[in-house]
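The values are calculated or read from the model by the stated rules, or taken from the named source; none is laboratory data. Note that this is a predicted model, so its numbers are computed, not measured. Methodologically, a virtual Cβ is constructed for each residue, glycine included, from the backbone with ideal geometry; neighbour enumeration extends over all protein chains shown.
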Amino acid sequence: MKKYLGIAIASLVSGCSSIGGLPPTLGESAGGFGYVPLDGLAVHQTLEADSCENWRGVKEVHRSPGFLGFNDKGESGVNPYLPLLEALPDISVRFAVASFDNTGGLTFGPAKVTAQGKNYRAILDYINADAIPVSLWITAFKNKEPIKVTDMDSGSSADYYEAEVYTASNVSAPYDVSQLVTIPVYVGIGMRLSADITAIEGGVPLTSLGGIGVEAQSKRLTGTLTVQTIGISGESVATSLPLPSSLSQSTIENGILSIGSNRAIVYRTDSGSKGIYTVPRVVGMYSPIGSDAALVNAIYSELSKNPPKWARPCKPYTS
């Protein structure tokens, strides 16, 4: 069963450069707008969902983020939320490719063709997620002067950006040229394969992890592979993760097999029993204003300081 599951996932990954959700739009393909995978960030769970109405007055309800049975003071509390997988409506497999700029930053965009000696990162995410809207004030800076993101010349980028989460206490724009932008932030759990690549030859297409493995086997690429979980922990998961020492067709296949087997384990133990624990995390975002490395870093920094609020659905209330 494990063999066939891995073959099925590998076929999906090799066949498409973007799987799950809608296909990339013309704007995404041309401008690099689209899904940007992020290192896991904390999420603040709230009782704002309609299904939580009867729980809001219960004093014993646990309201801290990352509920695992106890509140932040170590006291036991009532868990009002649905099991996590029931609260995450979407399953998505997404593939993203980024190139490293001169400063070491990553710029995500459509699948790329390599230039000799350049470095890239290819990321495959398999996630259970919910998209939540987060509004931010975005300001671009050129020569230390604030400018509108949309006023930059075609093909140019800002020196740096500032991002501030829009809140009741932050309703005014920090600068006259600041733009209020609402971005979908993906909250959930998942598994991730990341390939850090150095192109030995130019003209190698980076359209899928399966294809990258073949090119690495042919010595046209070299690099390393990382396999990780996002919001999933436990002994059985940790012991089943492969320890890839290099980037090759076999290490990529082993990583894909690990994703398949671990996702099956998570589905069987969603209640948190048998040593598997799941906690919602920010796993990625969709950028409607581009994926410049400096812009993504500014948004990521702001989300780490002000965790997004997720209205997680609640179980039926019983007194």
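If you check Ala173, Ala158, Ala163 for being closer than 13 Å to Leu295 by Cβ, among the hydrophobic types (A, V, I, L, M, F, W, C) and at pLDDT 90 or above, only one passes: Ala163. Among residues of region 199-219 that are touching a residue at least 12 places away in the same chain (Cβ under 8 Å) and farther than 22 Å from Val93 by Cα, those with a Cβ under 8 angstrom from a residue that is hydroxyl-bearing (Ser, Thr, Tyr) and in a strand (DSSP E or B), sequence gap 6+ or separate chain, pair up as Ala199/Tyr120; Ile200/Thr222; Ala216/Thr222.
Among the strands (runs of 3 or more DSSP E) contained in region 248-319, which hold 1 or more residues that are at pLDDT below 85? Walk me through it before giving the result.
Numbers: elements: 276-278, 281-287, 309-311.
Correct list: 276-278.
Taking Ile197, is it under 22 Å from Leu303 (Cβ atoms), at pLDDT 90 or above and surrounded by 19 or more Cβ atoms within 10 Å (Cβ to Cβ)? No; evaluated as a whole, the condition is false for this residue.
Any residue at all in region 168-191 that is out of contact with any Leu (no Cβ under 8 Å at 6 or more places or on another chain), surrounded by 18 or more Cβ atoms within 10 Å (Cβ to Cβ), of a type in the set (Ser, Thr, Tyr) and more than 20 Å from Val296 (Cβ to Cβ)? No. Of all the numbered requirements in (1) small (Gly, Ala, Ser); (2) under 30 Å from Thr222 (Cβ atoms); (3) part of a strand (DSSP E or B), Ala131 misses one, and that requirement is (2).
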